[in-house]
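J.: Below are the structure tokens for one structure; questions will follow.
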Amino acid sequence: MAPELVIFDCDGVLVDSERLMIHYESIGLRKAGFDISADEIAQRYVGLSYADMKAGLETQFASKIPDGLLEAIEADVLSRFAAELEPIDGMAELLASLSLPTCVGSSSDPERIELSLDVTGLSTFFDRERIFSATMVERGKPAPDLFEHAAARCGVGPVHCIVVEDSPHGVSAAVAANMAVVGFAGGGHASAALTQRLHDAGAVTVARHADELAAHLTALSP
């Protein structure tokens, strides 16, 4: 099937935010008594909404996460975005050259997505009506709801969509939505094991840089 839409995850794909988030999440959680490293957060929780992350942490530690803790950590990180957040290297050039229609499908809330795109100068590539958040659907990744919602709102059938994802949870969501998915392991948080984890989750291929991603998207296009 010829692709008609590319759905980009935001954090770790368009903007190099995951490395900042997991660093400060680890610091904030450890201060609150939850001993978890940035590497473990990357392994377990990248790609999930904060609601799902909170549920996972409470199961992992058999303890309640204090109300407002994750939101306070996120607010602290977002306050650092203007000075510290950067786009993924080469992503602006990729978006400028891409001929296929695009949208964003992210686990983050709309305000954070828009802030990330504004700070990094990538907002010019996406209409606000084509920015979709997990807050808009009942279930976040790895459920297919978000990607199905994005495709429906863009008027494109799932089999005509390509998803670009940096997390196994996101890859699983795309596969469940019956969409082709290209894994991306070019963010600052990407470990040596991430490429295999993305493949294992169902990515048809994995790119390690925006140039490589552009080549994969071109190969999947008619």
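Every read-out reported here was derived from the displayed coordinates using simple, explicitly stated rules and does not represent laboratory data. Predicted model, so just to flag it, every value in this text is computed and none were measured. Ideal geometry is used to build each Cβ from the backbone, glycine not excepted, and the neighbour counts take in all protein chains shown.
J.: Using 0.36 nm per residue of separation minus the Cα-Cα distance, give me the extension gain between A72 and H23 in nm, one decimal. Kindly include the intermediate steps, with their values, before the conclusion.
T.: On the way: separation 49, 0.36 × 49 = 17.64 nm, distance 1.44 nm.
This chain segment gains 16.2 nm when fully extended.
J.: Let me ask another. Explain nothing, just the number: relative contact order of the stretch 18-84, from Cα pairs under 8 Å at least 6 residues apart, as a whole percent.
T.: This gives 36 percent for the stretch 18-84.
J.: Could you give me the ³J(HN,Hα) list for the stretch 87-93, computed from phi with Karplus coefficients 6.51, -1.76, 1.60 and θ = phi - 60°, whole Hz, x at Gly and Pro?
T.: For the stretch 87-93, the Karplus curve yields x, 4, 3, x, 6, 4, 5 Hz.
J.: List the lysines whose Cα sits under 24 Å from the Cα of K141, skipping any in the same chain fewer than 8 residues away.
T.: Of all the lysines, those that pass the test against K141 - Cα under 24 Å, at least 8 places apart if same chain - are K54, K64.
J.: Quick query: amide H of T205 versus all other amide H atoms, modeled in the peptide plane; which residues come in under 5 Å with a sequence gap of 5 or more or a different chain?
T.: When sequence neighbours closer than 5 places are left aside, the close amide H contacts are G183.
J.: Something else: Using each residue's phi in the stretch 201-215, evaluate 6.51 cos²θ - 1.76 cosθ + 1.60 at θ = phi - 60° and report the 3J(HN,Hα) Karplus result to the nearest Hz, with x for Gly and Pro.
T.: Listing the rounded values in order: 6, x, 5, 6, 7, 10, 9, 10, 7, 4, 4, 5, 4, 4, 5 Hz.
J.: Which of H160, H169 comes first, and how do the rest follow, when ranked by fewest Cβ neighbours within 10 Å?
T.: Result, fewest neighbours first: H160, H169.
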